[in-house]
Amino acid sequence: MNLVAAGNWLFRTRNLLFPIALALAFLPGPVLFASPVRAIGAGFALAVVGQVIRVCTIGLRYIVRGGRNRRVYADELVTDGIFAHARNPMYLGNLLILAGIAVASNSALCLALSVALFGFVYVAIVAAEERYLLDRFGPAYQAYCADVPRWLPRLRGLGATLSAMEFHWKRVIAKEYGTPFGWILAIAAIGLVRLWPIGDDGGRRMVAEVLVAVVVVAFALWLTAHVLKKTRILVGD
């Protein structure tokens with residue numbers, strides 16, 4: 001199976017990545033940090049960066065990533081918004097979130113396996129998408145590839161892009177409200193397991209209480225967004 005064929009198959013099964021990441025997070029192995037609290041903080045910060053990239057991408061210019069009939073599909077070539085600075089910002093955000101979960105696990109084995117596995121998965125999916133886009137849009141897509149980096153965003157002109165385009169907050173909430181709740185819940189669960197037993201350690205107890213409080217707030221926001229979307233008060237355009 002070549003990389004493009006693998007990418008087409010992985011595109012259809014990519015929703016399994018998050019459960020796999022959560023399972024890997026509980027693998028034993030050499031620790032990344034002496035303190036699990038530092039691992040949780042570093043992992044959370046990394047995931048936040050990934051989430052910010054996703055929010056900016058969706059808020060400025062949304063691309064339907066679900067394809068059509070579970071296959072890669074695009075009805076137009078989008079080159080504005082964050083896509084003017086990186087060709088795969090959503091996937092970059094996903095990778096940072098998955099890396100954040102791995103770092104929060106405080107397991108070097110989990111981080112190594114996650115980098116290898118998810119790196120290959122997204123490289124293969126991008127290869128499949130690039131083949132499709134090249135076949136569909138030809139020279140226009142070739143010119144876009146020559147001008148815009150595949151992964152690392154080009155920061156030049158990013159401020160002008162953010163200020164010049166209308167930001168669609170309703171679309172962000174409607175399309176994205178489940179993603180932050182998912183990774184926050186995952187990191188909190190991993191953190192509580194790594195902190196256990198809490199015992200009489202005041203520092204660990206405080207961190208555990210903060211994690212629980214963050215989950216409660218995240219769930220309240222998720223439920224609010226879910227109800228607003230279901231009642232059509234909040235509609236993503």
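Within 17 Å of the chain's Cα centre (by Cα), at pLDDT 95 or above and surrounded by fewer than 19 Cβ atoms within 10 Å (Cβ to Cβ), is that true of R87? Spelling it out, it is not the case that R87 is within 17 Å of the chain's Cα centre (by Cα), at pLDDT 95 or above and surrounded by fewer than 19 Cβ atoms within 10 Å (Cβ to Cβ). The residues of segment 180-237 that are at pLDDT below 85 and aliphatic (A, V, I, L, M), listed by number, are I198, I233, L234, V235.
Remark: pairs (first residue in segment 152-165, touching a residue at least 40 places away in the same chain (Cβ under 8 Å) and closer than 18 Å to V49 by Cα; second residue among the hydroxyl-bearing types (S, T, Y) and assigned to a helix (DSSP H, G or I); Cβ separation under 8 Å; 6+ apart in sequence or on different chains) are absent. Taking first residues from segment 8-31 that are aromatic (F, W, Y) and partners that are modelled with pLDDT under 85, the Cβ contacts under 7 Å between residues at least 6 apart in sequence or on separate chains come to F11/G67. Can you find a residue in segment 133-154 that is surrounded by 15 or more Cβ atoms within 10 Å (Cβ to Cβ), charged (D, E, K, R) and assigned to a helix (DSSP H, G or I)? Yes; the residues of segment 133-154 include at least one that is surrounded by 15 or more Cβ atoms within 10 Å (Cβ to Cβ), charged (D, E, K, R) and assigned to a helix (DSSP H, G or I).
With respect to the conditions (1) surrounded by fewer than 16 Cβ atoms within 10 Å (Cβ to Cβ); (2) modelled with pLDDT of 90 or more, R171 lacks only one, and its number is (1).
The values are calculated or read from the model by the stated rules, or taken from the named source; none is laboratory data. This structure is a prediction, so every number in the text was calculated from the model and none was measured. Don't worry about glycine lacking a Cβ; one is built from the backbone with ideal geometry, like all the others, and counts go over all protein chains shown.
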